[in-house]
Amino acid sequence: MSIFAGVVAVAPGIWISAGDCDALQRALTRQTGDHASIDRGPAHWIGQVELPARGYAGRIADTQGRTTLLAGRPLFASDVEPGPSDVQRLHAALLTSGTRLLDSATGSFCAVQWDPVAGCVTLVADKLGVRPLYYAICDGYLYFSTAQRVLESIAHLVDSTDERGVAEFSAFGYPLADRTPFARVRCLQSAEIVRVAVGGATASRYWHWERLPPQQIDEAELPGLVHRAFVRAIERRLDGERSAVAMLSGGLDSRCIVAVLRALGVSVHTLNFAPPSSEDLVLGRLCAQALGSRHFEFPRGPLDFWDRMKATFDAWLEHTEANERPANPYVVWSGDGGSCGLGHIYLNPEVVRLMQQHKIADAVDEYLDYNRIALPRKLLLRAHRDRLAALPSQGVIEELDRLRDVEPGRRFHSYLMQNGQRRLLVKHYENIDLRRFELSLPFFDSDFVRLVLGSPIEGFLRHGFYVRWLREFAPEVATTPWQAYPGHVACPVAVPPGLRNQWDGWYDDAGIRQARINGIELGRRVLRDGRFPRNLLDRKVLRLALWLTRLGWGDYSHVFKCADVFTRYSRVS
């Protein structure tokens, strides 16, 4: 795995500043002992840190100083321009501006190429934009990084706010399109190539999800075809390894991955970090027993999801002797992307019906209401309330308009895959220098996703297709109980009684109390923060929400989180 960043002068007659280079190098990794490979000249500084996972990074520099950096795994087709390594093949393809090689990629990756001969920098995202790559063009310089926090070390890049980005971040947990909370910083979108040279910047796409032709596949044959695509996605990522480590919850996504790994003869260590007495913990354990994995549980970690995953991985490493670990222990298989990609959560039949009737605004309202997405209006000052509160729905409508060539029923799902899903793992990649493990993500395999997006949507809603799909796996997959989403197809196997599910209360009483304490502390910090945007938010409402939460008269953590986002990112001119 890899983190990289850089600054390149793309205007004639200017040089990069030592201060910017030093700031980028300090921010590149926060882990003591990491070594950065640096390529530096009067007009460029490019740094990269490679972390323990094998096969998820690359760097090449030719005799003319042209350099390509890679993070992640493109997983190019083996019959397209074969070469000794992914980064070498990518290096040659980008020099010729060819996209045939990129068309064949099915993995999650990002890359940058600096060509001093042509005076051009090329930035590339994978087909779904899962692996983030941020950039800013400012005063004749191009800055880029795989982590937004690295660009935040350059003060003048983050001194102005993208108000829409902040509002979307607060409402959805991520900005839409290429936005970030900062006006100057952008994030590459799905299959995007940005080329920056003296003449300016150009953006293009080498892959267009909105141009997928509808597939003429018999409904009875589709589960088998999707299953074969899923197995191929796992085989590509497995790359001949005979042992692996995978997350295994009480849901369906991770169990499907582990089931295929076991069917392929792979020895699997499975990790579960769900709280005690939860369905996720107990059903994950039952599934591990049925599939024959070596199971490890760590139910007492931090409350934050990603911190909890990190604590579990570290505990597993410490618990497992080096000679018992997989050959590549810093690669963890994860079911991220499966619930939305195949289970179609976030959508309901009404959203699809409204989209098919071309009632776009009504469909967006239904989607937001169904998923309880909104800015807390009372927190917003009256003068800005209507304008700010409308920004999230406005962003969704614009993205749906960009995808207007997609079949109407499938259009909202395509929007989700290219926005919420591609930002799903940002927090992991933002902190990968501290987390120290890579994720293997077969549900984001572009060939697998293409097969789903090219199929009529109706049968997929509420895990309908997913549950039929389970028949393609080993019998243990469908006969061991799983945690089903409320309102979706129910699990036909009895779930042991007395367990908590993640919607009615994932944590026990102690966890709930700690979450409330954490929320109160967040509210207090925001109130004390000198950056609090008094021009946008009402302190009195925040203070009232804090008191009501302290008294136990409600949980207003959503108000604290919204105020925190606006406080961290808003800049008052």
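What's the Kirkwood radius of the range 509-569 in Å, using all Cα pairs?
That comes to 11.6 Å for the range 509-569.
Could you compute the FRET efficiency for Ala374 and Ala201, with r as their C-beta to C-beta distance and R0 at 22 Å, rounded to 0.05?
Result of the calculation: an efficiency of 0.05.
Once a ≥ b ≥ c are taken as the square roots of the eigenvalues of the Cα gyration tensor of the range 134-197, is the result rounded (a/c under 1.5), prolate (a/b larger than b/c) or oblate (a/b not larger than b/c)? Write out the running numbers ahead of the final one.
Details: a/c = 1.94, a/b = 1.27, b/c = 1.53.
Verdict is oblate for the range 134-197.
For the range 277-337, what is the largest minus smallest coordinate of the Cα atoms on each principal axis, given in angstrom and ordered from greatest to least?
32, 29, 25
Take the Cα of Gln514, step 7 Å along the line toward its Cβ, and report every residue of the range 251-279 whose backbone nitrogen sits under 14 Å from that point.
Only 273-277 fall inside the zone, counting backbone N under 14 Å.
In nm, what is the difference between 0.36 nm times the number of residues separating Glu321 and Asp504 and their Cα-Cα distance?
62.1 nm
Mind checking the full-extension length gain between Asp405 and Arg242? Use 0.36 nm per residue of separation minus the Cα-Cα distance, one decimal, nm.
The Asp405-Arg242 span can extend by a further 54.4 nm.
Can you give the Rg/Rh ratio of the chain, where Rg is from the C-alpha atoms and Rh is the Kirkwood radius?
The Rg/Rh ratio comes out at 0.95.
Using the alpha carbon gyration tensor of the range 2-207, what are the three equivalent-ellipsoid semi-axes (square root of 5 times each eigenvalue), largest first, in whole Å?
Working: eigenvalues 117, 84, 61 Å².
In descending order the semi-axes read 24, 21, 17 Å.
With n ≥ 4 as the cut-off for DSSP H runs, can you work out [θ] at 222 nm for the chain, using -39500 (n - 2.57) per run divided by the number of residues, rounded to the nearest 500?
Using -39500 (n - 2.57) per qualifying helix, the result is -11500 deg cm²/dmol.
Quick one: if the Förster radius is 22 Å, what FRET efficiency do Arg531 and Leu551 give, using the C-beta to C-beta distance and rounding to 0.05?
0.20
Can you give the Kirkwood hydrodynamic radius of the range 1-76 from its Cα pairs, in Å with one decimal? Write out the running numbers ahead of the final one.
Values: mean 1/r = 0.0742 Å⁻¹.
Hydrodynamic radius (Kirkwood, Cα pairs) of the range 1-76 is 13.5 Å.
For the chain, return all DSSP H helices satisfying: extent of Cα atoms along own axis at least 27 Å; mean Kyte-Doolittle hydropathy at least -1.0. If you can, show how the numbers build up before the last one.
Values: long enough: 382-402 (31 Å, -0.76); 509-528 (29 Å, -0.44).
Qualifying helices, which must be both long enough and hydrophobic enough, are 382-402, 509-528.
Under the Kirkwood approximation applied to all pairs of distinct alpha-carbon atoms, what is the hydrodynamic radius of the range 89-175 in Å?
On the way: mean 1/r = 0.0666 Å⁻¹.
In the range 89-175 this quantity evaluates to 15.0 Å.
Taking the simple approach of a point 7 Å from Cα along Cα-to-Cβ for both Gln357 and Ala36, what is their distance in nm?
Roughly 5.6 nm, to one decimal.
Any read-out appearing in this document is the output of simple, stated calculations on the displayed coordinates, not a laboratory observation. Owing to the predicted nature of the structure, the values given are computational and were not obtained by experimental measurement. Here the Cβ is made from the backbone with ideal geometry for all residues, glycine too, and neighbour counts use every protein chain on show.
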